[in-house]
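Beneath this line is the structure, given in structure tokens, with notes to follow.
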Amino acid sequence: MLSVNHLSASYDGKPVLEDVSLQIASGQLVVVLGPSGCGKTTLLNLVAGFSQPDSGSITLSGREVTGPSAERGVVFQNEGLLPWRNVLANVVFGLQLQGVARDERNAIALRMLRLVGLEGYERHFIWQLSGGMRQRVGIARALAANPQLLLLDEPFGALMRSRVSKCKNCCWACGVKRVNRSY
């Protein structure tokens, strides 16, 4: 379970979030909606552990969130991929940092690429892909780590409508909790 308690945060000295509390059970889908600049991405970055709150606490399965962790996968709005690496190397990146053996991480990555419809693109570089394909690489990379919580920052904006439902089903099939940040 994700627990956010009395969370407050500011950006450049301006309050962005004030006294935010929420509980998200395992398997629950939560979408955060609001106008531009209301703190949606700030909340996502706090839950991901990329930044620290001014006050309040965040816990996942009873453990305090104090920094980034493989138990929280993130799919960024702007992809966040490494352009000098090919598709396979981008998907295995997190697994490589975790020390997963090469054969195992490649098998996991290939399975995730199949799931998001990118089988056969393993050796392509990021700059050779369309925006929607790059976004699916980001989804595959996040799912490869088998996170407890999947944080999505407008992840489907670059995808064609026909791909959106397929990618959502991929996320459900992997059985992770998700917080989807929308606009």
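The values are calculated or read from the model by the stated rules, or taken from the named source; none is laboratory data. All of these numbers come straight from a predicted model, not from anything done at the bench. Here the Cβ is made from the backbone with ideal geometry for all residues, glycine too, and neighbour counts use every protein chain on show.
With the requirement that a residue be under 13 Å from Ala9 (Cα atoms), in contact with a Leu (Cβ under 6 Å, 6 or more places away or on another chain) and not in a loop (DSSP other than H, G, I, E, B), what does region 48-57 give you?
Listed by number, the list holds a single entry, Gly56.
Being surrounded by 13 or more Cβ atoms within 10 Å (Cβ to Cβ) and either of a type outside the set (A, V, I, L, M, F, W, C) or within 26 Å of Gln148 (Cα to Cα) (or both) is the filter here, so list the residues in region 12-24 that pass it.
Hits for region 12-24 are Leu17, Glu18, Val20, Leu22, Ile24.
Within region 58-85, work out how many residues are outside any loop (DSSP other than H, G, I, E, B) and free of Cβ contacts under 8 Å to residues at least 40 places away in the same chain.
Summing the residues that are outside any loop (DSSP other than H, G, I, E, B) and free of Cβ contacts under 8 Å to residues at least 40 places away in the same chain in region 58-85 gives 2.
Residue-wise test of (1) surrounded by fewer than 18 Cβ atoms within 10 Å (Cβ to Cβ); (2) modelled with pLDDT of 95 or more; (3) in a helix (DSSP H, G or I).
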| residue | (1), (2), (3) |
| --- | --- |
| Val91 | no, yes, yes |
| Gln135 | no, no, yes |
| Gly138 | no, no, yes |
| Ser162 | yes, no, yes |
| Asn169 | yes, no, yes |
| Val179 | no, no, no |
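Tell me, which residue of region 93-131 that is of a type in the set (S, T, N, Q) and in a loop (DSSP other than H, G, I, E, B) is farthest from Arg141 (Cα to Cα)?
Taking the candidates together, the pick is Ser130.
Count, please, the residues in region 118-143 that happen to be within 21 Å of Val74 (Cβ to Cβ) and either free of Cβ contacts under 8 Å to residues at least 60 places away in the same chain or out of contact with any strand residue (DSSP E or B) (no Cβ under 9 Å at 6 or more places or on another chain) (or both).
10
Quick one: which of Leu2, Leu97 is exposed (fewer than 12 other Cβ atoms within 10 Å of the Cβ) and either assigned by the TED database to the domain that holds Ile126 or in contact (Cβ under 8 Å) with a residue 12 or more places away in the chain (or both)?
Every option except Leu97 fails the conditions.
Among the residues of region 25-47, which ones are assigned to a loop (DSSP other than H, G, I, E, B) and either within 12 Å of Leu151 (Cα to Cα) or not aliphatic (A, V, I, L, M) (or both)?
Result: Ser26, Gly27, Gln28, Gly34, Pro35, Ser36, Gly37, Cys38, Gly39.
Restricting to region 25-50, count the residues that are surrounded by 12 or more Cβ atoms within 10 Å (Cβ to Cβ), under 19 Å from Glu154 (Cβ atoms) and among the small types (Gly, Ala, Ser).
3
Can you find a residue that is at pLDDT 60 or above, buried (at least 21 other Cβ atoms within 10 Å of the Cβ) and either farther than 22 Å from Asn78 by Cβ or among the polar types (S, T, N, Q) (or both) anywhere in region 144-151?
No, region 144-151 has no match at all.
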